Protein chains: 2
Amino acid sequence: MIQKILEVIEAGQTFLIAAHESPDGDALASTLSLTLALEGQGKQVTAYNCDGVPGDYRFLPGCDKIVNDVAADSQFDVAFVLDAGELSRAGSWIKERCATLVNIDHHPHSEDFGDIYFVDDKASATGALIYRLIKAAGWPISEEIAINLYTAVLADTGSFRYSNADGEAFRVAGEMVDLGVDPWSISSGLYESQEEVRLRLLALALPTLRVAECGTFASIAVTLEMYEQTGATSEHTDRFVNYPRSIRGVEVAIFFRQIEAARFKVGFRSSGTVDVGALARELGGGGHHNAAGGMVDGTLAEAQNHVFTKVGRLLR
Amino acid sequence: MIQKILEVIEAGQTFLIAAHESPDGDALASTLSLTLALEGQGKQVTAYNCDGVPGDYRFLPGCDKIVNDVAADSQFDVAFVLDAGELSRAGSWIKERCATLVNIDHHPHSEDFGDIYFVDDKASATGALIYRLIKAAGWPISEEIAINLYTAVLADTGSFRYSNADGEAFRVAGEMVDLGVDPWSISSGLYESQEEVRLRLLALALPTLRVAECGTFASIAVTLEMYEQTGATSEHTDRFVNYPRSIRGVEVAIFFRQIEAARFKVGFRSSGTVDVGALARELGGGGHHNAAGGMVDGTLAEAQNHVFTKVGRLLR
């Protein structure tokens with residue numbers, strides 16, 4: 001399959017490279033590493049994402065190349081759709097605008113929409129497939145390409161912590177580090193760059209920690225008063241639920257976030273068998289088995305008592 | 001140097017393997033990987049750490065082998081002191097109890113206390129040196145050894161995120177994953193499974209956050225009183241320094257840990273150009289460019305003022 005792709009690259013002159021909407025690190029960095037590699041071969045490349053580049057990823061070399069609009073009359077010799085799962089997540093119109101359509105993906109059951117289907121659902125990231133392509137072609141890997149390939153693999157393996165971080169993921173990362181990538185500059189940009197007010201808010205929220213039912217569930221809360229004291233906003237509460245969740249033995253983690261004087265949003269995370277989706281639906285909300293949310297009226301104490309009774313019943 | 005080590009291993013029958021006090025993941029996992037490897041060669045090994053095995057690391061295969069006491073009359077053919085920086089951090093008595101003393105370390109300026117000095121301050125972890133030793137010897141790497149080698153490298157590179165995560169670190173990790181290590185089971189055990197008291201301690205420590213010099217450095221502190229209030233111990237402060245470090249713009253993060261009424265251990269992390277190793281040596285301590293520690297006398301306010309003045313001078 002790689003050989004076929006190299007042939008159409010060799011023969012083509014104009015290329016479109018796209019990835020799925022609401023792009024994550026793998027989608028963007030795969031787009032950019034292939035774009036930079038093809039440009040290095042003297043090709044004319046349009047890098048496209050319907051949602052552009054989110055702020056977190058503005059450090060990716062070449063990200064300014066990504067456009068969120070393509071002229072209606074443009075035609076391409078070859079279009080690559082990366083990491084998309086389905087063509088519609090990248091743009092259904094792409095099929096009509098190219099002579100050859102290539103699907104490169106690692107999603108299981110990725111839709112077979114292309115002329116060439118290079119899908120390996122065992123790969124840790126689509127970036128790992130771009131790496132294989134670049135290596136097979138024997139193209140040089142510049143530091144800019146290296147940063148993108150590294151970031152693609154990093155992002156889709158949860159910083160090399162998920163079970164999909166396979167030997168290839170580590171080897172790709174190691175090679176990119178040898179080529180000049182600094183792991184810290186990337187991970188700190190992506191993961192360790194919070195605003196001081198978020199930590200100040202966390203300092204107020206953590207003392208609200210309640211652990212109940214023999215340690216099987218735990219909660220923390222953020223109140224409107226805490227926003228006032230710190231200057232933080234609800235945006236800064238992202239991932240706060242991970243604190244109660246991180247306690248050994250906790251099966252259900254709960255995050256109470258005050259939105260009105262007597263009203264709380266309640267977020268649930270389950271790390272085990274408890275279906276918090278069902279729980280959230282009882283509270284007029286919804287979600288998945290492992291992550292869900294709903295709404296409760298009352299003071300914090302009332303909201304906690306109401307929710308704790310329900311959760312406690314499930315865990316007993 | 002590796003050849004010399006393999007010769008004394010070949011010739012010896014009884015071994016002591018020790019690492020620094022208050023052991024971290026690299027110290028413990030290096031101890032265990034070398035212990036298991038030598039046992040695999042039919043050697044008699046005593047694995048020792050004066051502080052035993054902290055709860056967080058009880059998942060390490062073989063950790064029950066580590067004792068915190070060695071009979072006063074015991075003698076060893078060879079003693080390995082790993083990751084210690086100085087012999088006294090592992091136990092000065094070790095020198096008198098062995099025919100051959102081997103220092104394996106990656107700390108810069110590691111004390112030259114042994115008969116054999118295998119120190120590479122470019123190595124990401126002491127575990128990477130144990131890996132080199134095992135590979136040079138051609139010994140098999142069991143899954144138990146693989147988990148330890150993986151954890152050693154993971155722990156000292158901050159989950160492959162620090163700048164010391166070099167190509168070797170990633171390649172060692174990749175090889176261990178190929179040998180059966182599941183990244184998620186280790187990182188979730190290590191980083192997402194804390195005791196409730198640790199979170200209670202964090203709740204008291206976070207309000208001590210100080211951010212200074214236009215946000216370029218930040219500190220938090222843990223006092224003896226906080227231990228009393230929560231039932232936590234110094235063990236639970238592991239990685240607390242990551243909280244000030246996580247603030248956008250912070251170049252030097254500082255963690256003050258009270259050890260006596262008027263005495264603080266001070267841990268430093270640098271994410272940039274500042275050499276906190278040099279800073280720590282000024283305080284009678286030591287460490288690397290990016291991670292180091294020392295000691296300061298006084299109240300918390302006095303210790304903070306003393307350290308902040310020094311750090312401020314470096315950052316201006």
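Key figures for this structure:
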quantity: Flag for B:Gly293 being within 19 Å of the chain's Cα centre (by Cα), in a strand (DSSP E or B) and not hydrophobic (A, V, I, L, M, F, W, C); calculated: yes
quantity: The stretch B:53-80, residues that are at pLDDT 95 or above, under 13 Å from B:Leu28 (Cα atoms) and surrounded by fewer than 17 Cβ atoms within 10 Å (Cβ to Cβ); calculated: B:Asp64, B:Val67, B:Asn68
quantity: Residue within the stretch B:114-136 that is in the same structural domain as B:Ala11 (by TED's automatic domain parsing), among the β-branched types (Val, Ile, Thr) and within 28 Å of B:Asp73 (Cβ to Cβ) present; calculated: yes
quantity: Residues of the stretch B:32-70 satisfying the condition of being among the small types (Gly, Ala, Ser) and assigned to a helix (DSSP H, G or I); calculated: B:Ser33, B:Ala37, B:Gly40, B:Gly55
quantity: Which numbered condition B:Ser22 misses (of (1) at pLDDT below 95; (2) assigned to a helix (DSSP H, G or I)); calculated: (2)
quantity: Leading residue by the ranking (nearest to the other protein chains (Cβ to nearest Cβ)) among those in the stretch B:133-147 that are assigned to a helix (DSSP H, G or I) and touching a Gly at 6+ places or on another chain (Cβ under 7 Å); calculated: B:Ala146
quantity: Extreme residue, farthest from B:Leu179 (Cα to Cα), among residues of the stretch A:155-180 that are outside any helix (DSSP H, G or I) and within 7 Å of chain B (Cβ to nearest Cβ); calculated: A:Ser159
quantity: Selection status of A:Lys4, basic (Lys, Arg) and either loosely packed, with under 15 Cβ neighbours inside 10 Å or at pLDDT below 95 (or both); calculated: yes
quantity: Residue satisfying condition, being within 19 Å of the chain's Cα centre (by Cα) and aliphatic (A, V, I, L, M), within set A:Leu101, A:Leu60; calculated: A:Leu60
quantity: Yes/no for A:Leu87 being in the same structural domain as A:Ile186 (by TED's automatic domain parsing), surrounded by 19 or more Cβ atoms within 10 Å (Cβ to Cβ) and over 24 Å from A:Tyr150 (Cα atoms); calculated: yes
quantity: Every residue from the stretch A:279-289 that is more than 25 Å from the chain's Cα centre (by Cα) and not basic (Lys, Arg); calculated: A:Leu279, A:Glu282, A:Leu283, A:Gly284
quantity: Elements of type strands (runs of 3 or more DSSP E) contained in the stretch A:181-283, each with 2 or more residues being within 12 Å of chain B (Cβ to nearest Cβ) and modelled with pLDDT of 90 or more; calculated: A:210-212, A:217-222
quantity: Scope the stretch B:133-154; condition touching a Pro at 6+ places or on another chain (Cβ under 6 Å) and buried (at least 23 other Cβ atoms within 10 Å of the Cβ); matching residues; calculated: B:Ile147
quantity: Residues of the stretch B:71-106 classified as assigned to a loop (DSSP other than H, G, I, E, B) and under 17 Å from B:Asn49 (Cβ atoms), total; calculated: 8
quantity: Positions within the stretch B:23-53 being under 17 Å from the mean Cα position of the chain (by Cα) and farther than 17 Å from B:Gly127 by Cβ, in sequence order; calculated: B:Tyr48, B:Cys50, B:Asp51, B:Gly52
quantity: Residue match in the stretch A:67-75 (condition: within 26 Å of A:Asn164 (Cα to Cα), in the same structural domain as A:Gly174 (by TED's automatic domain parsing) and of a type in the set (D, E, K, R)); calculated: no
quantity: Failed condition for B:Lys122, given (1) out of contact with any helix residue (DSSP H, G or I) (no Cβ under 7 Å at 6 or more places or on another chain); (2) charged (D, E, K, R); (3) part of a helix (DSSP H, G or I); (4) in contact (Cβ under 8 Å) with a residue 24 or more places away in the chain; calculated: (3)
quantity: Hey, B:Ile141 out of contact with any strand residue (DSSP E or B) (no Cβ under 9 Å at 6 or more places or on another chain), at pLDDT 95 or above and β-branched (Val, Ile, Thr) or not; calculated: yes
quantity: Residue match in the stretch A:221-230 (condition: within 17 Å of A:His306 (Cβ to Cβ) and of a type in the set (S, T, N, Q)); calculated: yes
quantity: Total residues in the stretch B:38-73, condition touching a residue at least 40 places away in the same chain (Cβ under 8 Å) and over 30 Å from A:Arg248 (Cβ atoms); calculated: 3
quantity: Residue under evaluation B:Gly127, criteria (1) surrounded by 22 or more Cβ atoms within 10 Å (Cβ to Cβ); (2) more than 8 Å from chain A (Cβ to nearest Cβ); (3) in a loop (DSSP other than H, G, I, E, B), criterion not met; calculated: (3)
quantity: Among the candidates B:Asp275, B:Asp238, residue that is more than 25 Å from B:Tyr227 (Cβ to Cβ) and out of contact with any strand residue (DSSP E or B) (no Cβ under 8 Å at 6 or more places or on another chain); calculated: B:Asp275
quantity: One residue from B:Ala212, B:Ala136 being over 21 Å from the mean Cα position of the chain (by Cα), under 24 Å from B:Thr35 (Cα atoms) and of a type outside the set (S, T, N, Q); calculated: B:Ala136
quantity: Long-range neighbours under 7 Å by Cβ, at least six apart or interchain, first residue over 28 Å from A:Arg316 (Cβ atoms) within the stretch A:213-234, second of a type outside the set (A, V, I, L, M, F, W, C) and in a loop (DSSP other than H, G, I, E, B); calculated: A:Tyr227/A:Thr233
quantity: Residues being more than 15 Å from B:Leu129 (Cβ to Cβ) and of a type outside the set (Gly, Ala, Ser) - total across the stretch B:152-174; calculated: 5
quantity: Any hit, the stretch A:107-117, residues being closer than 23 Å to A:Ile2 by Cα, surrounded by 22 or more Cβ atoms within 10 Å (Cβ to Cβ) and more than 14 Å from chain B (Cβ to nearest Cβ); calculated: yes
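For (1) in contact with a helix residue (DSSP H, G or I) (Cβ under 8 Å, 6 or more places away or on another chain); (2) surrounded by fewer than 23 Cβ atoms within 10 Å (Cβ to Cβ); (3) closer than 27 Å to B:Phe268 by Cβ, each residue gets a yes or a no:
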| site | (1), (2), (3) |
| --- | --- |
| B:Asp156 | yes, no, yes |
| B:Val172 | yes, no, yes |
| B:Met176 | yes, no, no |
| B:Ser185 | no, yes, no |
| B:Leu202 | yes, no, yes |
| B:Leu206 | yes, yes, yes |
| B:Ala218 | yes, no, yes |
| B:Met226 | yes, yes, yes |
| B:Asp238 | yes, yes, yes |
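The values are calculated or read from the model by the stated rules, or taken from the named source; none is laboratory data. Worth saying up front: this structure is predicted, and the values here are computed from it rather than measured. FYI the Cβ positions are ideal-geometry reconstructions off the backbone, even for glycines, and counts take in every protein chain you see.
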